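J.: Can you keep this structure in mind? I'll have questions shortly.
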Amino acid sequence: MSAGTGILHSEKNDSWRLQGGSKHTEPVHFVQMWVVPDEDGITPGYEQLEIDDELLRGGLVPVASGMGKHDGASAIRIKNKYAALHAARMRPGEVIELPEAPFLHLFVPRGTVTLEDAGPLSEGDAVRFAATGGQKITAAEPAEILLWEMHATIAGWQ
């Protein structure tokens, strides 16, 4: 979703009301991340695409990107040509190498992974990197990771 020139944003999980309360007993886990667009006055917008099959195959998958190198490969196009969000679902023992970038932000929404030369990261942990890449992440159990790759100076990342 792009807020653009002033979209009003509100979220509500009311599927229980539509399908009956007894069908929804598990908690829902949302992760919300924002990236500043690289231009002012954009039109608000919303896009949603299914990518489960790609994520189940393993490895980093571009989920949202404004970078030219992801044209046709990312699920959602964002209005920042310097940023891309990758996601991965990892099986125990699976290893993923982080891309080279001026800035990376790694978040673990589910499971436990081990970051090379740093140690274990659990659900809710995050790591920011500057001028790096190539580190390996190994899943200690079934896990999911989200990784922002950024190639420009962004306020708050200095």
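J.: How would ASP71, ASP125 line up by accessible area, probe 1.4 Å, largest first? Intermediate results must be reported in sequence, preceding the final value.
T.: Numbers: ASP71 95, ASP125 60 Å².
Accessible-area ranking of ASP71, ASP125, largest first: ASP71, ASP125.
J.: Can I ask one more? Could you work out how far the C-alpha centroid of segment 29-47 sits from that of segment 104-128, in angstrom?
T.: Cα centroid to Cα centroid, the span is 24 Å.
J.: Relative to the compact-globule scaling 2.2 N^0.38 Å, provide the ratio for the alpha-carbon radius of gyration of segment 101-149.
T.: Details: Rg = 10.1 Å, N = 49, 2.2 N^0.38 = 9.7 Å.
So the Cα radius of gyration is 1.05 times the expected 2.2 N^0.38 Å.
J.: Still on this structure, please answer the following. What accessible area, in Å² to the nearest ten, does a 1.4 Å probe give for ASP40?
T.: Answer for ASP40: close to 150 Å² accessible.
J.: P(r) of segment 52-137 in 10 Å steps, Cα pairs, percent per bin?
T.: Once binned at 10 Å, the Cα pair distances of segment 52-137 give 16, 49, 32, 3.
J.: Leaving out ligands, DNA and RNA but keeping every protein chain, what accessible area does VAL36 have, in Å² rounded to the nearest 10, with a 1.4 Å probe?
T.: The value for VAL36 is about 100 Å².
J.: Mind grabbing the accessible area of LEU106 for me, 1.4 Å probe, Å², rounded to tens?
T.: Accessible surface of LEU106 is approximately 0 Å².
The values are calculated or read from the model by the stated rules, or taken from the named source; none is laboratory data. This is a predicted model, so every value here is computed, not measured. Remember, those area values only see protein heavy atoms, side chains included, never the ligands or the DNA or RNA. Shrake-Rupley method; radii C 1.70, N 1.55, O 1.52, S 1.80 Å.
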